[in-house]
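The values are calculated or read from the model by the stated rules, or taken from the named source; none is laboratory data. Fair warning: this is a prediction, and the values are worked out from it, not measured in the lab. Note: ideal-geometry Cβ built from the backbone for every residue, glycine included; neighbour counts use all protein chains shown.
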Amino acid sequence: MIKLFESWRKKGSRPAIEAPSGDNIPKHVAIIMDGNGRWARKLGLPRIVGHRNGMKAVKRATIAADELGISVLTLYAFSTENWKRPKDEVDFLMSLPQEFLAIELEELIQKNVQVRMMGHPNELPDHTVAAMEEAIERTKNNTGLILNFALNYGSHREITECVKEIAVRVQNGSIKPEDITQDMIGSGLLTGDLPDPDLLIRTGGELRLSNFMLWQTAYSELWFTDLYWPEFGREQLFAAVAEYQRRTRRYGGLS
């Protein structure tokens, strides 16, 4: 098992910068962006400096994903559990979407990127929601890369709410219990119109999913790196995709 995990974990060695080629490019890549605070602490800087530098990594990853022809890039920006952090840090994190989009939205529009958000907006500050809604509205007709921010997102809550909606349909008689299928549950999730992630990346050296897309990542390929998120860039995404291309996805069957 240790060897298995180590085969998933990519150390800090410098990967080749050549873009992976061929048809086997993952359609949907999801990233748990971890390690902003630890990166800042390593440099003797406040945690918020790490979060701000994490925005630069978001741009690098977005450009690289677009270059590779990835269809969907989902970024775990803020979890339903992150509210437990100190208020000053949470307030700063809630300002980052507004700051990022104020700088980058015009370029995202030029690059035909469609911005989306999945999560639970009711608990978010008005300025955060307004920034996201503006980006979503202005890019809704774009046909290129879908840049999907998971903001105030938690998979347990997502699945629970989906099950509740199905239960209501059973209760009012519009469906029977035997009508419930995996496809029905999948389409009722916040990613219902998106393909499941082919590749899940986590930075920061941790080996867990942290309540992120638990249903959708059932057969995702996993790639972990010890690099902190502010250190992540084009080369690391290329390395992760190249590793993905070397694997055989059997979905429980045989090659």
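Taking VAL168 and the conditions (1) exposed (fewer than 12 other Cβ atoms within 10 Å of the Cβ); (2) touching a Lys or Arg at 6+ places or on another chain (Cβ under 9 Å); (3) of a type in the set (A, V, I, L, M, F, W, C), which numbered condition does it fall short on, given that it satisfies the others?
(2)
Please verify whether SER187 is under 20 Å from the mean Cα position of the chain (by Cα), over 21 Å from VAL113 (Cβ atoms) and crowded, with 17+ Cβ neighbours inside 10 Å, treating the condition exactly as stated.
No, not satisfied.
Among (1) in a loop (DSSP other than H, G, I, E, B); (2) farther than 25 Å from MET94 by Cβ, where does VAL168 come up short?
(1)
Note down all Cβ pairs under 9 Å where the first residue falls in the range 71-96 and is of a type in the set (Lys, Arg), the second is surrounded by 17 or more Cβ atoms within 10 Å (Cβ to Cβ), and they're at least six residues apart or on different chains.
Every condition considered, the pairs that remain are ARG85/LEU93.
For the range 1-80, which fully contained helices (runs of 4 or more DSSP H) count at least 3 residues that are at pLDDT 95 or above and either surrounded by fewer than 22 Cβ atoms within 10 Å (Cβ to Cβ) or not aromatic (Phe, Trp, Tyr) (or both)?
In the range 1-80, 36-42, 47-68 are the helices (runs of 4 or more DSSP H) which contain 3 or more residues that are at pLDDT 95 or above and either surrounded by fewer than 22 Cβ atoms within 10 Å (Cβ to Cβ) or not aromatic (Phe, Trp, Tyr) (or both).
So PHE212 ticks every box in (1) on the phi < 0 side of the Ramachandran plot; (2) surrounded by fewer than 20 Cβ atoms within 10 Å (Cβ to Cβ); (3) among the aromatic types (Phe, Trp, Tyr) but one. Which box is left unticked?
(2)
Considering only the range 143-161, I want to know if a residue exists there that is in a loop (DSSP other than H, G, I, E, B) and more than 27 Å from ASN36 (Cα to Cα).
Yes, the conditions are met somewhere in the range 143-161.
Checking the structure you have, find out if any residue of the range 113-122 is touching a strand residue (DSSP E or B) at 6+ places or on another chain (Cβ under 7 Å), more than 26 Å from ALA239 (Cβ to Cβ) and assigned to a loop (DSSP other than H, G, I, E, B).
Yes, the range 113-122 contains at least one residue that is touching a strand residue (DSSP E or B) at 6+ places or on another chain (Cβ under 7 Å), more than 26 Å from ALA239 (Cβ to Cβ) and assigned to a loop (DSSP other than H, G, I, E, B).
How many of the residues making up the range 46-102 are among the hydrophobic types (A, V, I, L, M, F, W, C), under 22 Å from THR191 (Cβ atoms) and under 15 Å from the mean Cα position of the chain (by Cα)?
Going through the range 46-102 one residue at a time, the tally reaches 10.
Would a scan of the range 227-235 turn up a residue that is in a helix (DSSP H, G or I), acidic (Asp, Glu), touching a Lys or Arg at 6+ places or on another chain (Cβ under 9 Å) and in contact (Cβ under 8 Å) with a residue 40 or more places away in the chain?
Yes, there is a match, as at least one residue in the range 227-235 is in a helix (DSSP H, G or I), acidic (Asp, Glu), touching a Lys or Arg at 6+ places or on another chain (Cβ under 9 Å) and in contact (Cβ under 8 Å) with a residue 40 or more places away in the chain.
I'm told LEU207 meets every condition in (1) in contact (Cβ under 8 Å) with a residue 24 or more places away in the chain; (2) under 15 Å from the mean Cα position of the chain (by Cα); (3) under 17 Å from MET33 (Cα atoms) except one. Can you identify the failing condition by its number?
(2)
May I ask you to list the residues in the range 141-196 that are under 30 Å from ILE109 (Cα atoms), out of contact with any strand residue (DSSP E or B) (no Cβ under 7 Å at 6 or more places or on another chain) and among the charged types (D, E, K, R)?
Correct list: GLU158, ASP193.
Could you pull out the residue among ASP193, ASP183 that is part of a loop (DSSP other than H, G, I, E, B) and at pLDDT 95 or above?
One residue alone meets the criteria, ASP193.
For GLU134, indicate whether it is touching a strand residue (DSSP E or B) at 6+ places or on another chain (Cβ under 7 Å) and acidic (Asp, Glu).
No.
Among the residues of the range 225-234, is there at least one that is surrounded by 13 or more Cβ atoms within 10 Å (Cβ to Cβ) and under 18 Å from ASN148 (Cβ atoms)?
Looking through the range 225-234, at least one residue is surrounded by 13 or more Cβ atoms within 10 Å (Cβ to Cβ) and under 18 Å from ASN148 (Cβ atoms).
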